[in-house]
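Single-structure report; data block below.
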Amino acid sequence: MLKEARVARGEYKCSSCENIFGPRDVQIDHTEPVVSIDSNPANKINWNNYIKRLYCGKAGLSLMCKNCHKSKTYLENELRRQHKAELAFGKKEKK
């Protein structure tokens with residue numbers, strides 16, 4: 001993964017912001033979240049799906065700077081919280 005993002009010795013290109021960073025300032029990211037954002041029963045994570053997503057291979061990974069990775073993770077977590085709140089609100093309305 002690092003080889004694909006390498007632009008020069010010790011320099012790597014973030015797949016999100018496309019800036020150049022040193023090896024201590026980049027992280028590997030799963031392009032598809034390991035834990036699904038929605039709670040759709042079709043996307044419900046079980047142990048086998050979790051392992052498959054976790055060990056996805058190079059095609060399912062990208063290199064990001066720490067700031068972009070942190071922002072992406074924060075956004076995914078917010079979307080999960082929002083979706084969970086919508087589901088809870090929907091259950092309350094049915095009662």
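Values as computed for the structure displayed
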read-out	value
Relative contact order (%) - region 2-94, alpha-carbon pairs under 8 angstrom, separation at least six	31 percent
Cross-link partners of K13 among aspartates and glutamates (Cα-Cα below 19 Å; sequence separation of 8 or more within a chain)	E4, D25, D29
Signed unit charges on C-beta, dipole axis of region 42-91, positive-most listed residue A88, W47, C68	W47
Size of charge dipole - the chain - debye, nearest 20, with Cβ of Lys, Arg +1 and Asp, Glu -1, no other charges	340 debye
Cα-derived Rg to Rh of the chain, Kirkwood definition	1.11
Summed side-chain charge close to P23 - residues other than P23 whose Cβ falls under 11 Å, Lys, Arg +1, Asp, Glu -1	+1
Taking only Cα atoms of region 1-40, radius of gyration then Dmax in Å	13.1, 44
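FYI, it's all coordinate maths here, none of it is from the lab. What you are looking at is a predicted structure, and each value in this text was computed from that prediction instead of being measured. Because the Cβ atoms are built from the backbone with ideal geometry, glycine has one as well, and the counts that use them run over all protein chains shown.
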